[in-house]
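The values are calculated or read from the model by the stated rules, or taken from the named source; none is laboratory data. Computed from a prediction, not measured in an experiment: that's the story for all the values here. Counting neighbours? That spans all protein chains shown, and the Cβs are built from the backbone with ideal geometry, glycine included. Please note that ligands, DNA and RNA were not included when accessible areas were found on the heavy atoms of the full protein model with its side chains. Shrake-Rupley method; radii C 1.70, N 1.55, O 1.52, S 1.80 Å.
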Amino acid sequence: MLQLKGIKKSYEGGGYKQIALNRIDLSFRESEFVAILGTSGSGKTTCLNILGGLDRYEEGDLIINQKSTKDFKDRDWDAYRNNSVGFIFQNYNLIPHLNLIDNVEMGMTLSGLAFKEKRAKTLSVLERVGLRDHMTKKPTQLSGGQMQRVAIARALANDPEIILADEPTGALDTKTSKQIMRLIKEIAQDKLVIMVTHNPELAEDYADRIIRFQDGHVIFDSNPYMSAPDIILTDTSTTNLNAKTDDQIIALAKQIVNLQNDRLVVRVTKDPTMPEQPTDRMIQYQNGEIFDISFFSGKKESSNYELKHTRMSFLTALKLSRKNISTKIWRTGLISFASSIGIIGIALILSLSNGFQHQIDQFQVNALSEFPIIIGQTEMNLIGMGILQTYEADDPLAEMRFAETEIVHIIDSSEGTRTHINHFTDEFLEHLDKIDPEYLTNIGFIRLVTMNLLRQTDEGEFSRVTLGGETAAVSDLASGVAGARLSSFPENLRDDTESFLEQNFDLIAGSFPESETDLVLVIDIYNRIEDYILESLGFDTEALAALELEEIVGTEFRLILNNDFYSQTEQGNFLPGTNFEEMYHSENSITLRISGILRRPEDLTVSILSSGIAYSDALAQRMIELEMDSDIVVAQREADYNVITFETVNEIERDVLVSSFGGDTTPLMIFLYPSSFEGKDAIITHIAYFNANQEDERYHIAYTDLASTITDLTRGIMDGITMTLIAFSTFSLIISLIMIAIITYISVIERTKEIGILRALGARKKDISRVFNAETFIIGTCSGILAITITYILTLPINHVVEAATELVNVADLNPFHAVILIFISLGLTLLGGMIPAQIAANKDPVEALRTE
């Protein structure tokens, strides 16, 4: 079953080499109680460690069930200790923070036994050693004899073939020693028990076989076990092998095979059998002659001995580490707190950053809510114009940046100023109509159509309302005539929400527009409006510093169509008429009325609509529909000059003039008002989808998103500040990393004996490192959770102080996503810090580890 063949082992230290075992040859039976005696340093404990796979031999071979161990790897030795060997130590070597059940089950846990089977075996062996009633106790709650019984139960639990006992009674009194020896004697009835002891009396009273060691040699063996014979002689029915004496057979065998071995063992049998050992030779005796059947010579017989490799799950490692940590709960708490300080610093920075960013975002949402996505017919490349400057990372001219030179390079300006023409095709306008109203609340248009307005004053006089801004007549703009700024307000696309004007302006007097002919007057936050605007609207402001609001509300104008407003002269050009009264009373005129006066609310910092008159786009579209075929529009479409001034115009200038007279439905600019910043992203995606389906890039739509530009700028600044502060806090994380490494190494030193115990039970090096990685896993997780908990607690006084100082509410607000990430960072750092100590633990010599006190 178990053989030592020519085993040699030596130790070196201090320049001195000590031979512990010098070519030992021993064979053991499957079930016997062997006691090994010898003085200290005789080699008996080294022999036991080699038999148990804890120590490695230098020469020779350890044969287990006819299987050589010369090619065994670490994992094979681990499996051998777990599958085939049970250890009983002088100092019990129980893991103190585990109860009896966990101590006994450890070997079976490494074997991967199912819970029910493992628990049943544990209860059975505890019953056998008389400790079932104590199974939930810790080792420190037991006497020495009881602890040794637990060690015996652990050795028996995995049903090994070999029990190795190293001074099992060395720490016990006489009475208890005898009890333990009787128990071991009982075990030896069906197992091989090898015991090392200094007590010859116990050996003689209980052992079946006594072996004495001296200076690394076996000097005595009371009952040697001879291995299988070198030669097998077989008898047949035609021979009479049994008639020959043993000496005659041995002499004849020696002559035939040319052997000179005085210790030759011959087995005589009448039935032919196979050789039992690879070195056996089969000899057949027949008709007075002995034949050498040599085809068996030198052939190895295969062994059916197989090892089941062990593996400790991470859950088991967590369980071991958790129970160890629970015995040092205060120290673990202090370690977790100390290692959490860096995480707390970063968490507070992130919470403040997140809170301030939220405040900024909220401010921007309020301040920039009126900033639409703007799509103009012409998008200018501001970078190329030099208004904005940037540099690409792979700029081929990078080497020329900020070069010291006495010359200036000249470049073609046309290459830098580039424009993109947006073609407002019917396809694109229909695509805009498909935007979900959930994302797009309002849409506004700027059209070049000119409004010809007249007003009848209180004195009965008729005057022209001179317009400026987006709808100013070309003749007015050319002559530099100032007028009332006129702009269109966006159209509301959702019935369940307030209109754009209701959402973004306070009504000072009158009412919000209810029809397309209702106009509103927009004033500034100080209730002011420029004098020329009122004068252009027909109000006499020369002697007035203010007007009553009610004097403005209800003011009416007449919108005069082109055919009534313009007359063609004999020269062929068109000029505005002078009979305002006739125009005013024309049946084609449209009555417009100022329905209300609006002012930007206090919490709105920016307004798209400037001071002046605002009208609905529906009114502009109605005008275009009426003016599309007017005389001046038809004439301007066909002319290559301005039909008012006779100035020569190019094609683009001509189109602008046609639009200003109401001859083109294509808007100059489109304003898309998102419902939120998320809605803005959805609208941009909608436009991008349109561009993706345009094969010709000329028909791609470019846009301006000013709100996003401002938001990205402020967010970039806040991110930069945050990253700078986090970089400073990283130093505390590095300190935490070093501290974790030191603490884990201290734990390795404290648990060195436990490492040896686990290795003796068959734990792999990986399993040992896993135990300590599990410990750092627990500490890292606790540290991260503790850091986040403390951070959330600290945000309460921080928010209170900040609110009292600045009136900002909930500035410190840690994002839950950031909290989870920080817990993982804490976990990762502790695992990293414990990695080297865990590897040191894994590489510890199990023999040396077991000797640690």
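Structural remarks
- Per-residue ³J(HN,Hα) for segment 61-72, Karplus 6.51 cos²θ - 1.76 cosθ + 1.60, θ = phi - 60°, Hz, x for Gly and Pro: 7, 10, 10, 10, 6, 6, 10, 6, 9, 4, 9, 5
- Leu796 paired with Arg29, simple spin-label distance in nm, labels 7 Å along Cα-to-beta-carbon: 7.6
- Set of lysines near Lys137 by C-alpha distance (under 16 Å), chain-local residues within fewer than 8 positions excluded: Lys323
- Estimated from the Cβ-Cβ distance and a Förster radius of 41 angstrom, the FRET efficiency linking Tyr11 and Thr730 is about 0.30.
- Rounded if a/c under 1.5, otherwise prolate or oblate - segment 50-177, Cα gyration tensor axes: oblate
- Restriction of the GluC sites (Glu not before Pro) in segment 592-660 to DSSP coil positions whose beta-carbon has at most 14 other beta-carbons within 10 angstrom yields Glu602, Glu647.
- Near Gln214, the amide H atoms lying under 5 Å from its own belong to Ile219; only residues 5 or more places off or on other chains count, and H is placed 1.01 Å from N.
- In the assembled protein chains, Ser40 presents an accessible area of approximately 100 Å² (probe radius 1.4 Å).
- Separation in nanometres of the label points that stand 7 Å from Cα toward Cβ, at Asp190 and Ile738: 6.0
- In nm, spacing of pseudo-spin labels at His309 and Phe646 (7 Å Cα→C-beta vector): 10.3
- The dipole here belongs to segment 561-677: it is taken about the Cα centre, uses +1 on the Cβ of Lys and Arg and -1 on the Cβ of Asp and Glu, and is about 600 debye.
- Most positive-pole-ward Cα, Thr704, Ser676, Val748, against dipole of segment 674-807 from beta carbon charges: Val748
- Cβ crowding within 10 Å averaged over residues, with 659-671, 799-811 ranked highest first: 659-671, 799-811
- The length gained by stretching the chain between Phe824 and Glu491 to full extension, at 0.36 nm per residue less their Cα-Cα distance, is 114.9 nm.
- Sequence-distant residues sharing a close amide H with Tyr641 (under 5 Å, placed H): Val649
- Packing-based ranking, highest mean first, of 189-199, 83-93 given that Cβ atoms within 10 Å are counted: 83-93, 189-199
- Amide H contacts for Tyr615 (H built 1.01 Å from N in the peptide plane; partners 5 or more residues away or on another chain; cut-off under 5 Å): Ser487, Ser488, Phe489.
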